[in-house]
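Enquirer: Quick one: the structure is below, questions incoming.
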Amino acid sequence: MAAGSPDQPFRVAIVGAGPSGFYAAAHLLKNPSVEVDLFDRLPTPYGLVRGGVAPDHQKIKTVVRQYDKTAQDPRFRFFGNVELGRHLSVEDLHQFYHLICYTTGAQTDRTLGIPGEALAGSHSATEFVAWYNGHPDFRDLSFDLSQERVAVVGVGNVAVDVARILCRTPEELARTDMADYALEALRHSKVREVVMLGRRGPAQAAFTNPEIKELGEMEDADAITLPAEVALDPLSQAMLERNPDRAIDRKIEILQEMAVERPLTRAKKLIIRFLVSPTEIVGDEHGTVRALRLEKNSLSDDGRGGVRPVGTGVIEEMPVGLIFRSVGYLGVPLPGIPFNARAGLINNTNSRVVDPTSGQPVTGEYVAGWIKRGPSGVIGTNKACAVDTVDRMMEDAARGEHLHPAHSTAAEAEAFVRSRQSEVFTYADWLKLDALETAAGEALGRPRVKFTRIDDMVAAVLR
Ligand code: NAP
């Protein structure tokens, strides 16, 4: 019987249960002749919505209601706590699925490539974010919050999240679903000053306007900029005159308002700086961060319609005890899948995984989300991205370009998965865990209290 009929549906494996995985599943399930198994290495679904979105941004997290709806489809299954490369290989998936889509996101971060980056007290923002969000792989990290001044390198929305979390009061944080150990650590934080560092000017800052405005609304922290650094430079001004952009105009306005001299009365201070590049992280005799060397930049035409920072040779040394680099996420390779290490992406053209040696598409394998196009855009951006991928998948499948699994029933796939991992988390299992977390939160006036160890999750629901 030909695959792709209600009697022999296309069996699709999606690897990675973040937004892209759910959006791909939702679009696939619009075709009545498709069944989806969504895998994740964690028992919990939702990827960065659970492990990345800031805990004080609960409204953004309501997007999971859409994913919940997708999960109610009888042709959808969740296989949590199952890791590709550990419990299953790509070859295994080939035995059970007609089509595979990788939606594993970008799980690590870019480095600065400057001396001192490995010193104690120098961390990536992605680690800190995963830690305060209770990601099981990061829950045992520790950060020296006894330091008074912290630098956050980068001026994207992740840098804003990190700076904001460091500046919030314990009372503000207590209303979130931040991991309880992080809440406790931040309650004792001695951090008084957070400095965000942009290498270009305010017109080039990657953060978005609502996020930067929110920094002016923290309960006990003042957000400021330095007048000279937020003045619009002639080059950016000329570019804006050629290509008007109201959002950028507004961003500059907000940042310039923050530079207006006023009494700073709050307990913490957040300084957003521009036109400086870290050139070295300086350590003390114990190998711990002591200072950050910054070079003042000017801006120059990059020849591609943008501006690039150029060092002026003027150096300042800023005493600082803790540093978070927040200069972008980076994808990691999956075993057996062609990877473009330079770009940090699964090698693909138009959502189709491509073998770099032959330049040919790999039959039946696709990508969506950050591992396809890089770590940019908001959660919703991944919807259009996943829809595009699924359209390619269904186009190819309709032409007979798909895998021919030896075992093509849902029951065979499940039996195999369970033979490799006896502690599979189904969606029903996740919903039980979700109910436990929200009940624990309710008692404390919090959205939820997260389980942060896989073993505890399994013990609470499966054992
Ligand atoms: P991002 O938006 O790409 O920002 C990266 C920042 O790092 C930029 O300011 C960039 O400056 C800077 N940078 C890169 N290399 C650098 C270097 N060597 N030295 C100094 N600075 C350097 O990345 P992100 O903040 O990780 O965010 C990822 C995506 O998630 C973004 O699309 C973001 O909007 C989204 N996100 C959204 C929210 C939200 O909506 N609330 C929250 C978090 C994340 P240049 O511009 O000069 O390269």
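Enquirer: Quick one: is Phe207 among the aromatic types (Phe, Trp, Tyr), crowded, with 22+ Cβ neighbours inside 10 Å and not in a helix (DSSP H, G or I)? Write out each step before concluding.
Expert: Numbers: among the aromatic types (Phe, Trp, Tyr): yes; crowded, with 22+ Cβ neighbours inside 10 Å: yes; not in a helix (DSSP H, G or I): yes.
Considered against the rule, which asks whether it is among the aromatic types (Phe, Trp, Tyr), crowded, with 22+ Cβ neighbours inside 10 Å and not in a helix (DSSP H, G or I), Phe207 comes out as yes.
Enquirer: Step by step: first the residues of the range 162-191, then only those that are open to solvent by 20 Å² or more (accessible area, probe 1.4 Å) and outside any loop (DSSP other than H, G, I, E, B), then the one that is farthest from Ser124 (Cα to Cα). Which residue is that?
Expert: By that ranking, first place goes to Glu171.
Enquirer: Scan the range 347-395 for residues that are under 17 Å from Leu29 (Cβ atoms) and basic (Lys, Arg) and jot them down.
Expert: Of everything in the range 347-395, those that are under 17 Å from Leu29 (Cβ atoms) and basic (Lys, Arg) turn out to be Lys383, Arg392.
Enquirer: Scan the range 397-419 and tell me whether some residue there is within 27 Å of the chain's Cα centre (by Cα) and either of a type outside the set (Phe, Trp, Tyr) or open to solvent by less than 60 Å² (accessible area, probe 1.4 Å) (or both). I'd like the intermediate steps shown before the answer.
Expert: Here is the first cut: in the range 397-419, the residues within 27 Å of the chain's Cα centre (by Cα) are none.
No, the range 397-419 contains no residue that is within 27 Å of the chain's Cα centre (by Cα) and either of a type outside the set (Phe, Trp, Tyr) or open to solvent by less than 60 Å² (accessible area, probe 1.4 Å) (or both).
Enquirer: Of the numbered conditions (1) under 19 Å from Arg352 (Cα atoms); (2) within 16 Å of the ligand (Cβ to nearest atom), Tyr46 satisfies every one except a single condition; which is it?
Expert: Every condition holds for Tyr46 apart from (1).
Enquirer: Looking at (1) within 11 Å of the ligand (Cβ to nearest atom); (2) of a type in the set (S, T, N, Q); (3) surrounded by 22 or more Cβ atoms within 10 Å (Cβ to Cβ), which one does Asn157 not meet, given that it meets all the others?
Expert: Asn157 satisfies every listed condition except (3).
Enquirer: Something else about it: If you take just the helices (runs of 4 or more DSSP H) that sit entirely in the range 48-128, which of them hold at least 2 residues that are farther than 23 Å from Lys383 by Cα? Break it down stepwise before answering.
Expert: Working: elements: 48-51, 58-61, 64-71, 90-96.
By residue number, 90-96.
Enquirer: I'd like the full set of residues that are under 30 Å from Gly303 (Cα atoms) and either out of contact with any helix residue (DSSP H, G or I) (no Cβ under 6 Å at 6 or more places or on another chain) or basic (Lys, Arg) (or both), limited to the range 209-231.
Expert: Leu226, Pro227, Ala228, Glu229, Ala231
Enquirer: On to the next question. Applying the selection to the range 180-209, what residues are of a type in the set (Phe, Trp, Tyr) and within 16 Å of the ligand (Cβ to nearest atom)? Reasoning before the result, please.
Expert: Taking the range 180-209 first, the residues of a type in the set (Phe, Trp, Tyr) are 181, 207.
Matches in the range 180-209: Phe207 only.
Enquirer: Report, by residue number, each residue of the range 212-249 that is open to solvent by less than 20 Å² (accessible area, probe 1.4 Å), over 14 Å from Val307 (Cβ atoms) and among the small types (Gly, Ala, Ser). Walk me through it before giving the result.
Expert: Residues of the range 212-249 open to solvent by less than 20 Å² (accessible area, probe 1.4 Å): 212, 215, 218, 221-223, 225, 229-230, 236.
Then keep just the ones that are over 14 Å from Val307 (Cβ atoms); that gives 212, 215, 218, 221-223, 225, 229-230.
Within the range 212-249, Ala221, Ala223 qualify.
Enquirer: Hey, among Arg262, Arg199, which residue is at pLDDT below 95 and either hydrophobic (A, V, I, L, M, F, W, C) or open to solvent by 10 Å² or more (accessible area, probe 1.4 Å) (or both)? Before the answer, list the steps.
Expert: Working: Arg199 fails: at pLDDT below 95.
So the residue among Arg262, Arg199 that is at pLDDT below 95 and either hydrophobic (A, V, I, L, M, F, W, C) or open to solvent by 10 Å² or more (accessible area, probe 1.4 Å) (or both) is Arg262.
The values are calculated or read from the model by the stated rules, or taken from the named source; none is laboratory data. What you see is a predicted model; the values in this text were computed from it and never measured. Note: ideal-geometry Cβ built from the backbone for every residue, glycine included; neighbour counts use all protein chains shown. All accessible areas refer to the heavy atoms of the entire protein, side chains included, with ligands and DNA or RNA removed. Shrake-Rupley method; radii C 1.70, N 1.55, O 1.52, S 1.80 Å.
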